[in-house]
1. Determine ³J(HN,Hα), in whole Hz, for all residues of region 116-123 in sequence, where each value follows from phi through the Karplus function 6.51 cos²θ - 1.76 cosθ + 1.60 and θ = phi - 60°; x replaces Gly and Pro.
2. Each residue of region 96-101 in order: what ³J(HN,Hα) in whole Hz does its phi give by Karplus 6.51 cos²θ - 1.76 cosθ + 1.60, θ = phi - 60°, with x for Gly and Pro?
3. From the Cα gyration tensor of region 31-152, with a ≥ b ≥ c the square roots of its eigenvalues, which class applies: rounded if a/c is under 1.5, or else prolate if a/b is larger than b/c, or else oblate?
4. Assuming R0 = 30 Å, what is the FRET efficiency of residue 26 and residue 70, from their Cβ-Cβ distance, to the nearest 0.05?
5. Quick check: from the Cα gyration tensor, does region 46-95 come out rounded (a/c under 1.5), prolate or oblate?
6. For the chain, take the longest principal axis of its alpha carbons; what is the angle in degrees between that and the long axis of helix 3-28, to the nearest 10 within 0 to 90?
Amino acid sequence: MESSDFAAWYAAAVATAVLIWDIIKYRNSGPQITGEAFSGWESYGIEDTEGKGLAFAKLSNTGDRPTTLTSWGMYWYPAGVNLNDKSKRRPFIIKGGLGGMGKVPEKIAPGDVWTGLVLENDEFKEMSEEGTLVFGFGFSHSLEETIIKIKPNS
């Protein structure tokens with residue numbers, strides 16, 4: 001093997017590694033939304049929610065590009081129903097802005113955090129006992145909703 005053959009193989013290996021790295025970077029680029037949701041919260045010092053049960057949602061953009069939260073709602077799945085079975089869920093629209101949080105639409109830049117609140121009435125409590133409640137979030141960068149299960153605050 002001559003030195004020119006070695007150089008050609010070396011260049012091919014480096015070019016392949018760079019291509020693979022570019023594919024990995026491309027797949028991981030853009031907005032990356034993570035979130036969590038809990039029920040059983042109470043407010044302190046927020047006049048319109050004082051003394052009422054609340055469910056709390058928090059989203060973070062850990063990606064490298066901004067996105068816009070375009071919608072948020074809630075779904076109830078009866079006990080035993082898989083969360084992928086959209087035909088059996090019951091949808092609810094959520095009014096944003098409760099307690100000054102949860103406004104939609106809202107731009108979420110890299111590193112930003114968005115929070116929202118939902119009042120827990122008797123129907124909310126019954127549904128959480130008889131099935132699974134989740135928040136559904138719509139974003140400008142994706143046609144798919146981001147679904148986050150509402151966990152009891154314990």
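1. Listing the rounded values in order: x, 10, 9, 5, 9, 8, 4, 5 Hz.
2. Going residue by residue, I get x, x, 4, x, x, 10 Hz, with x marking Gly and Pro.
3. Cα axes put region 31-152 in the oblate bin.
4. Details: r = 24 Å, r/R0 = 0.80.
Result of the calculation: an efficiency of 0.80.
5. Details: a/c = 2.29, a/b = 1.11, b/c = 2.06.
Here region 46-95 falls in the oblate category.
6. Tilt of helix 3-28: around 10 degrees.
All of the numbers you see were taken from the coordinates with simple rules; none came from a lab. Please read all numbers here as calculations on a predicted model, not as lab measurements. Virtual Cβ from ideal backbone geometry, glycine too; neighbours counted across all protein chains shown.
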